[in-house]
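The values are calculated or read from the model by the stated rules, or taken from the named source; none is laboratory data. Note that this is a predicted model, so its numbers are computed, not measured. All Cβ positions, glycine included, derive from the backbone under ideal geometry; neighbour counts span all protein chains shown. These accessible areas exclude ligands, DNA and RNA; they are computed on the full protein's heavy atoms, side chains included. Shrake-Rupley method; radii C 1.70, N 1.55, O 1.52, S 1.80 Å.
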Protein chains: 2
Amino acid sequence: MKRTAFFISDGTGITAETLGQSLLSQFENIEFTKLLRPYVDTIEKAHDMVQQINAAAERDGARPIIFDTVVNNEIRDQLARSNGYMIDIFSTFLAPLELELGDGSSYSVGKTHSILHNTHYKDRIDAVHFAMDNDDGARTQHYNEADIIVIGVSRCGKTPSCLYMALKYGIRAANYPLTEDDMERLQLPASLKQHKHKLFGLTIDPERLASIRNERRPNSRYASFAQCEFEVREVENLFRRENIPHINSTHFSVEEISAKILVHMGIERRLK
Amino acid sequence: MKRTAFFISDGTGITAETLGQSLLSQFENIEFTKLLRPYVDTIEKAHDMVQQINAAAERDGARPIIFDTVVNNEIRDQLARSNGYMIDIFSTFLAPLELELGDGSSYSVGKTHSILHNTHYKDRIDAVHFAMDNDDGARTQHYNEADIIVIGVSRCGKTPSCLYMALKYGIRAANYPLTEDDMERLQLPASLKQHKHKLFGLTIDPERLASIRNERRPNSRYASFAQCEFEVREVENLFRRENIPHINSTHFSVEEISAKILVHMGIERRLK
């Protein structure tokens, strides 16, 4: 069965998309075409949306599902005239919240991220530059400023996880690759030893690692299963010997890896 | 007025946090303490959460607001016994969606991001490495593989925006700094000219640019207002002369800048 879903907002659409994706993922038997439509902030754009929605309804032979966080009343009224099934996220929750909080809501356009911007922006940007500058063991002299240092073999997912923690939470995350030079009866490099309480290990299934490395350097020793298997085993032994908290990244997304790291390390995300 | 808000999940908590932040930002008169609690996936952790919620209720003299996406019934039941005001996100929407879609939902733990992982993961990781390798004009020979090339003066927000587009949407975004060498009657460098349809310009208020640069190199010519003002004027003139779409990043978050770039460029985000 096929259905179309629209995530519509007069802002970035991040809330509509995040909630919509989460809800739709619970319906495994249905194949959704998912369309993100941010900045629908004029009546003209609303008219265009209605045409898109109605065209999808005709194509699918079923009502498209619409997740919207549109604040403007006139635009919402337009969308409601389409042949879609509307899930109006703000309306659903704001009325009961106003009662509970005993206060009116401002219900203004794009509020969330403007707030993030004002109070939190600099932390996040600084953290991104920190992650870039301290990626892949490039330098180790700034580890005293790090909140966390992610270690593991080359291509196990360190870099994207560090960047995600920086962008989303303003966490200063460095990463250091444990390379073959360190491999036989692997020891912690001196630059890491002094920051042992900040270390978090990533590991990965050797099959998956070999497949990732093969795309980068096909048929190299670096990408061979034997080499990957050896490196992963050595690194996992090191994590255990040194009591370094670690997880296997193979079946997790960047979001999941990051959330797990922060829970393990007891780092409170800086929510503002 | 002070209230505490909890974003609780047995997965990453991203959905609870995103929706909760979005809703709470509509209440400007209330000061919220916001606490993210991911991976609350055992009865023991649920008990601990109840204690945290009740402690906050006592501290604030008012019920904490709880946004939850917990799938496990027993854990939800525990949380419901706390002194919090619960907004149960999945329950609210899944029942009407099941009716509309004519199908049961699997309502399984952490589904969204596992799905992202399976179908989308490689694109995102490749895009992150592309953004890293093609950051700050480091190389220009791979621009034919880029979806977009962000240009602008140093420290106007290019790097975080490119990384965000990569991490979130798997978009291959390179960035190129327009430097002083190019400044007098600024021309497009040859390496950019041939990819003109992929160019997007970022600009920024000179005051803000000077303040950002001053943190990096205090009291330098690079950070002086006169220099910033000159560079921004030259670059904005270039954008206009060459008809390059552009926005001013000063008052926008990384999320907003990225969403605006993709709308301007007509790039469809790869939602799966």
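Compute the semi-axes of the equivalent ellipsoid of the range A:151-220, taking the square root of 5 times each eigenvalue of the Cα gyration tensor, and list them largest first in whole Å. Working shown, then result.
Details: eigenvalues 100, 70, 15 Å².
The answer is 22, 19, 9 Å, longest axis first.
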Relative to the longest principal Cα axis of chain A, at what angle does helix A:43-60 sit, 0 to 90 degrees, rounded to 10?
80
Check: C-alpha center the range B:54-103 vs C-alpha center the range B:224-272, spacing in Å is 40
Accessible area per residue, 1.4 Å probe, Å², for chain B: what's the number?
41
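According to the square roots a ≥ b ≥ c of the eigenvalues of the Cα gyration tensor, what is the shape class of the protein assembly as shown, taking rounded for a/c under 1.5, prolate for a/b larger than b/c otherwise, and oblate for the remainder?
Because its axes are fairly even, with a/c under 1.5, the protein assembly as shown counts as rounded.
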In Å² (nearest 100), what accessible area is buried between A and B, both sides summed, heavy protein atoms only, 1.4 Å probe?
8100
Taking the Cα centre of the range B:119-266 as the origin, how large is its charge dipole in debye, to the nearest 20, when only Lys and Arg (+1) and Asp and Glu (-1) carry charge on their Cβ atoms?
140
For B:ASN214, placing the label point 7 angstrom along Cα-to-beta-carbon and taking the range B:123-166, residues whose amide nitrogen sits under 20 Å are B:153-157
Within the range B:1-21, which residues have the backbone N less than 12 Å from the label spot 7 Å out from B:ARG59 along Cα→beta-carbon, could you tell me?
B:3-6
Accessible surface of chain A, 1.4 Å probe, proportion on carbon and sulfur as whole %
46
The chain B residue whose Cβ lies closest to the rotation axis carrying chain B onto chain A, with that distance rounded to whole Å, is B:THR18, 2
Quickly work out the A:GLU207-to-B:LYS193 label distance, labels modelled 7 Å from Cα along the C-beta direction, and quote it in nm with one decimal.
5.2
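Please label the shape of the range A:1-64 as rounded, prolate or oblate, based on the square roots a ≥ b ≥ c of the eigenvalues of the alpha-carbon gyration tensor (a/c under 1.5 means rounded; beyond that, a/b larger than b/c means prolate, else oblate).
On the way: a/c = 3.91, a/b = 1.24, b/c = 3.14.
It is oblate, given that a/c is not under 1.5 and a/b is not larger than b/c.
What percent do you get for the relative contact order of the range A:1-159 when only Cα pairs under 8 Å and 6+ apart count? Display every interim value, and only then the final one.
Values: 190 pairs, mean separation 34.2, N = 159.
Across the range A:1-159, relative contact order equals 21 percent.
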Distance cut-off 31 Å, Cα to Cα: go down the list A:LYS260/B:LYS196; B:LYS2/B:LYS260; A:LYS2/A:LYS45; A:LYS196/B:LYS260; A:LYS196/B:LYS45; A:LYS158/B:LYS196 and report the pairs above it.
A:LYS260/B:LYS196; B:LYS2/B:LYS260; A:LYS196/B:LYS260; A:LYS158/B:LYS196
7 Å along Cα→Cβ, label-point gaps from A:ARG81 to other copies, nm, shortest first
5.3
Net charge dipole size for the range B:1-116 [Lys, Arg +1 and Asp, Glu -1 on Cβ; Debye, nearest 20]:
360
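Between rounded, prolate and oblate, where does the range A:29-79 land on the alpha carbon gyration tensor, with a ≥ b ≥ c its root eigenvalues, rounded for a/c under 1.5, else prolate if a/b exceeds b/c?
Working: a/c = 2.36, a/b = 1.77, b/c = 1.34.
It comes out prolate by the Cα gyration axes.
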At q = 0.10, 0.15, 0.16 Å⁻¹, what log₁₀ I(q)/I(0) does a Debye calculation on the Cα points of chain B give, no solvent, two decimals?
-0.70, -1.05, -1.11
Between B:LYS34 and residues 5 or more places away or on another chain, which pairs have amide H atoms under 5 Å apart, with H built 1.01 Å from N, and which residues are they?
B:ALA5
Is there a simple number for the mean count of other chain Cβ atoms within 10 Å of the Cβ of residues in B:24-37, and what is it?
6
Counting each DSSP H run of 4 or more residues in chain A as -39500 (n - 2.57), what helix-only mean residue ellipticity at 222 nm follows after dividing by all residues, to the nearest 500 deg cm²/dmol?
-15000 deg cm²/dmol
